[in-house]
Structures are given as structure tokens and as C-alpha cells.
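The values are calculated or read from the model by the stated rules, or taken from the named source; none is laboratory data. Computed from a prediction, not measured in an experiment: that's the story for all the values here. Heads up, the Cβs are rebuilt from the backbone with ideal geometry, glycines too, and the neighbour counts pull from every protein chain shown.
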Amino acid sequence: MELFVMVAVAMRCMRAAVMLPALVMAMGLLAGPSPVAAGEASPSLSTSVMLGYRDGGRFELPGSGERSSLDGDISHAIALGYEFEPGNAWELIFSQQRTSLPAAGVDVDVAYLHLGGRLEFAGHRFVPYLSGGVGATRLSARGINVGSELRPSLSLAGGLEWPLTRHFAFRMEARGYLTMSGGDRGLLCFSGPGDAFCQLAWSGDVLGQAEVMGGMTFRF
């Protein structure tokens, strides 16, 4: 159920911030036809499976006001792409990290679901690309019953693909995420009879994280 809610939030954020992927696509149109178009037609659908490392994410500890960051930790991602013309594609990416905030004594899962555009600069053995997306961030705590939080977010990325065949390629990427707090202060809160508390508080209006990933792309 939470995944469906996350998709719904992502679609609402898309309508509010459609200029980001549109800008990526406009760059592709201004750059002119990709050299890929001169060769054999490429497969239009793709799936990328990646493993990486994500760092960043600063929060405030309720009560003390002390600021602390999430531990850097392993992340994993899957991206589904549709190339509607050579060098230009729509891409849906889901990336998740299981990490912790030692200062608060809480384990946190941070997941992103973004839909956006991808622009490739073909004509080289290593194919560079730019990508941008908008969608939703899901924050949840493990081991305690405080539910989860959904917030709008956006991302920008740059990377390289090394095609091995028409259907397989290595993929390396660096991606930055920005999550909007939505004006709320408390985060991962619990409210019950005679008891109410928040595990964390937002430190500023946005939460930033950076990620580097590598993996395989399968085209079909």
C-alpha cells in the first residue's frame, strides 16, 4: 500500500515540477540528433540494476537542538527506461538505503521514487549522459512504531555507460537528491494516550543526499 501512495505522491510532484525533466529533454533537442540515429535502431526499453553508496542527510534532534547526519551506507537501485528517440529517454528510478542516525539511536530507511528524463551524448566508446527526475522520498524508522513520512523531492545525475553489446552495458552514475520538508518540523512522530514524541526534526527546508552507483543495463 505504501508503494502505491508513494507512486501517487510522485505523480503529483511531477505535475508541480515538470520543468526539470522537460529541461533535460530540451537540451537533447537543442543538441540535435544523436549519432546513434545513424546506425542500427537501438532497443527502446531498458532495465538498470545498480549498487552504490549514499551519504548526507542532516537532521535536528528534538529537545537538544543538536544537528546530526545519517551514516553513509550502501544503497541499491533499479531504473526502468523508455527511449522514445535515439539518445532521449524517460526513466523511472527507485533507490533505497538502510542507514542509521547514531546520535538519535534510530535506524532509518530512505527511499526515492523519481520519474524524469535522460539525455545521452552518443558517439563515444563511453557514453556520457545527464538525468533529472522528480517524485517522492519515503523516510521510515526500523524497530519502532512511528510510521513513515512522504515528502516531494527531485534529483539530478550524471553518468557513463560502457556498451558491451547492443543489449548489455556497464553503468556508472553520481546522483544528488533534494527533499522538501513541507514546512513541518517534527519527523517520524508518535502520538498516543498520554504520550507524544518525534524521533527527529528537519534541519532547514531541504534534505540533501549524494549517491554514487554502478551496475548493469539490459536493453530489449
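Rundown of residues vs (1) touching a Lys or Arg at 6+ places or on another chain (Cβ under 8 Å); (2) farther than 22 Å from LEU80 by Cα, yes/no style:
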position: ASP107; (1), (2): yes, yes
position: HIS114; (1), (2): no, no
position: GLY117; (1), (2): no, no
position: PHE121; (1), (2): no, no
position: PHE126; (1), (2): no, no
position: TYR129; (1), (2): yes, no
position: GLY132; (1), (2): no, no
position: ALA136; (1), (2): yes, no
position: ASN145; (1), (2): no, yes
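I'd like to check something: does region 156-168 contain any residue that is out of contact with any Lys or Arg (no Cβ under 8 Å at 6 or more places or on another chain), closer than 17 Å to GLY57 by Cα and either at pLDDT 95 or above or not aromatic (Phe, Trp, Tyr) (or both)?
No: zero hits.
Please tell me if SER153 is surrounded by 14 or more Cβ atoms within 10 Å (Cβ to Cβ), farther than 30 Å from LEU45 by Cβ and of a type in the set (S, T, N, Q). Outline the logic, then answer.
Values: surrounded by 14 or more Cβ atoms within 10 Å (Cβ to Cβ): yes; farther than 30 Å from LEU45 by Cβ: no; of a type in the set (S, T, N, Q): yes.
Criteria not met by SER153.
Quick one: in region 114-133, which of the residues that are charged (D, E, K, R) and assigned to a strand (DSSP E or B) is farthest from LEU160 (Cα to Cα)? Outline the logic, then answer.
Our first condition is that a residue be charged (D, E, K, R); within region 114-133, this holds for 118, 120, 125.
Going one step further and asking which of them are assigned to a strand (DSSP E or B), we end up with 118, 120.
Numbers: ARG118: 12, GLU120: 9 Å.
Going through the qualifying residues, I end up with ARG118.
Inside region 134-170, can you point out the residues that are farther than 23 Å from LEU70 by Cα and either under 11 Å from the mean Cα position of the chain (by Cα) or in a loop (DSSP other than H, G, I, E, B) (or both)? If you could, list the steps in order and put the result at the bottom.
We begin by selecting, within region 134-170, every residue farther than 23 Å from LEU70 by Cα; these are 158-170.
The answer is LEU164, THR165, ARG166, HIS167.
Looking at region 200-220, which of its residues are part of a loop (DSSP other than H, G, I, E, B), loosely packed, with under 15 Cβ neighbours inside 10 Å and at negative phi?
Quick first cut of region 200-220, residues part of a loop (DSSP other than H, G, I, E, B) only: 203-205, 220.
The next check asks that each one be loosely packed, with under 15 Cβ neighbours inside 10 Å; those that pass are 204-205, 220.
Of everything in region 200-220, those that are part of a loop (DSSP other than H, G, I, E, B), loosely packed, with under 15 Cβ neighbours inside 10 Å and at negative phi turn out to be ASP205, PHE220.
Is it the case that region 189-200 has a residue that's touching an Asp or Glu at 6+ places or on another chain (Cβ under 9 Å) and of a type in the set (D, E, K, R)?
no
Answer yes or no: is there a residue in region 73-82 that is polar (S, T, N, Q), touching a helix residue (DSSP H, G or I) at 6+ places or on another chain (Cβ under 7 Å) and assigned to a strand (DSSP E or B).
Checked region 73-82: no residue is polar (S, T, N, Q), touching a helix residue (DSSP H, G or I) at 6+ places or on another chain (Cβ under 7 Å) and assigned to a strand (DSSP E or B).
What's the total number of residues in region 103-116 that are over 11 Å from the mean Cα position of the chain (by Cα) and crowded, with 23+ Cβ neighbours inside 10 Å? Please lay out each step first, then the result.
So the first thing to find is which residues in region 103-116 are over 11 Å from the mean Cα position of the chain (by Cα), and the list is 103-109.
In the following step, the residues that additionally are crowded, with 23+ Cβ neighbours inside 10 Å were identified as 108.
Residues flagged as over 11 Å from the mean Cα position of the chain (by Cα) and crowded, with 23+ Cβ neighbours inside 10 Å within region 103-116 amount to 1.
Just need a number here: residues in region 62-72 that are among the hydroxyl-bearing types (Ser, Thr, Tyr) and either surrounded by 13 or more Cβ atoms within 10 Å (Cβ to Cβ) or outside any loop (DSSP other than H, G, I, E, B) (or both).
Within region 62-72, the subset among the hydroxyl-bearing types (Ser, Thr, Tyr) is 64, 68-69.
From what is left, the residues that are either surrounded by 13 or more Cβ atoms within 10 Å (Cβ to Cβ) or outside any loop (DSSP other than H, G, I, E, B) (or both) are 68-69.
Number satisfying all stated conditions: 2.
Residues that are among the hydroxyl-bearing types (Ser, Thr, Tyr) and farther than 18 Å from LEU45 by Cβ: does region 74-88 have at least one? It would help to see each step written out before you state the result.
Restricting attention to region 74-88, the residues satisfying the condition of being among the hydroxyl-bearing types (Ser, Thr, Tyr) are 75, 82.
Then keep just the ones that are farther than 18 Å from LEU45 by Cβ; that gives 75.
Yes - at least one qualifying residue is present in region 74-88.
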